[in-house]
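Written below as structure tokens is the structure these notes are about.
The values are calculated or read from the model by the stated rules, or taken from the named source; none is laboratory data. Every value quoted in this text rests on a predicted model; they were computed, and no experiment measured them. All Cβ positions, even for glycine, are placed from backbone atoms using ideal geometry, and neighbour counts span all protein chains on display.
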Amino acid sequence: MNVKLLKKSSRLSFSLFVFLIAITNSDGQELPYEGDVTEVRTIRRIEQHPYAWRVWQPFIIQGHKKNHLIVAFGAMVNGKKDMGDILATVSKNDGDTWGEPIPIFNHRQRQGALQFAYANPVLYKSPEQDVIWCYAMRSPIASENSEESHLVAAFTADGGFSWTQVEMAMHYTGPLILNAGIVETEIMGKKRYLLPAHRNTLAADSRGSRDHFVLSSS
């Protein structure tokens, strides 16, 4: 089985690494094992995004079909230090080639009179639905940084080739910063979906706080 790992290189491109080494058993026979890098696939380069100065924060998951992979990543807008667009790119051949990125959250798409920038995508494939979700952070584009972000979501029902944004209905309405994927678990006999996050309102407000917490959904 090929193990896929995304890593950002010094050239600000995403590279997909395939690990494969061989070890021997007590009889000296070679056994397949995954380890050293043998192949590299470049997914995206900063030069392909003229409005951005950095590509960052990739998140990869297996799609619903065999050899189907989806990567969501950010393209940091010129003049911002941690915000921009969130895009998705799809591979149908287990990472050998990748399609043109599709915008999930686009900073140029206004919400009425408001304009936002986005960061930190998290992908989640629901085992009970034929949809894949992307959660991310949203801040007014005039914000200095993404410390005061709020949660946004979009889903795809066609394997990552088109995305529909949805408004979140949730009890927590404060700022947050996403930093990990969703964990499915069971608490007191009920299935729960946990999304770790943190917030740092202390940077802009002496009465603020720095907290780590987990959002829980049924």
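Can Ile102 be described as modelled with pLDDT of 95 or more, surrounded by 21 or more Cβ atoms within 10 Å (Cβ to Cβ) and of a type in the set (Val, Ile, Thr)? The answer is no for Ile102. Output the residues belonging to the range 78-101 that are over 16 Å from Glu47 (Cα atoms), among the polar types (S, T, N, Q) and assigned to a loop (DSSP other than H, G, I, E, B). Result: Asn93, Thr97. Every condition in (1) more than 12 Å from the chain's Cα centre (by Cα); (2) closer than 28 Å to Gln129 by Cα holds for Met76 except the one numbered (2).
In the range 193-213, how many residues are in a strand (DSSP E or B), more than 28 Å from Lys125 (Cβ to Cβ) and free of Cβ contacts under 8 Å to residues at least 24 places away in the same chain? Qualifying residue count for the region: 2.
Within the range 96-107, is there a residue that is among the hydroxyl-bearing types (Ser, Thr, Tyr) and more than 16 Å from Trp163 (Cβ to Cβ)? Yes - at least one qualifying residue is present in the range 96-107. Apart from one condition, Val152 fits all of (1) closer than 19 Å to Asp85 by Cβ; (2) touching a residue at least 60 places away in the same chain (Cβ under 8 Å); the exception is (2).
Check the range 158-166 and report whether any residue there is of a type in the set (Gly, Ala, Ser), surrounded by fewer than 16 Cβ atoms within 10 Å (Cβ to Cβ) and more than 30 Å from His68 (Cα to Cα). Within the range 158-166 (the criterion being of a type in the set (Gly, Ala, Ser), surrounded by fewer than 16 Cβ atoms within 10 Å (Cβ to Cβ) and more than 30 Å from His68 (Cα to Cα)), the answer is no, since none of the residues qualifies.
Scanning the range 180-189 for residues being under 14 Å from the mean Cα position of the chain (by Cα) and farther than 11 Å from Val214 by Cβ gives a total of 1.
For the range 160-168, check the following and say yes or no: at least one residue is among the acidic types (Asp, Glu) and part of a loop (DSSP other than H, G, I, E, B). Yes, the conditions are met somewhere in the range 160-168. Is it true that Asp82 is surrounded by fewer than 16 Cβ atoms within 10 Å (Cβ to Cβ) and touching a residue at least 24 places away in the same chain (Cβ under 8 Å)? Taking the combined requirement at face value, the residue does not satisfy it. Of the candidates Tyr193, Tyr172, the single residue that is touching an Asp or Glu at 6+ places or on another chain (Cβ under 7 Å) and either exposed (fewer than 11 other Cβ atoms within 10 Å of the Cβ) or of a type in the set (Phe, Trp, Tyr) (or both) is Tyr193.
If you go through the range 192-203 and keep only what is of a type outside the set (D, E, K, R) and closer than 14 Å to Leu176 by Cα, you end up with Leu195, Pro196, Ala197, His198, Asn200, Thr201, Leu202, Ala203.
Out of the residues in the range 118-157 that are small (Gly, Ala, Ser) and either touching a Cys at 6+ places or on another chain (Cβ under 7 Å) or assigned to a strand (DSSP E or B) (or both), state the one that is surrounded by the fewest Cβ atoms within 10 Å (Cβ to Cβ). It comes out as Ala153.
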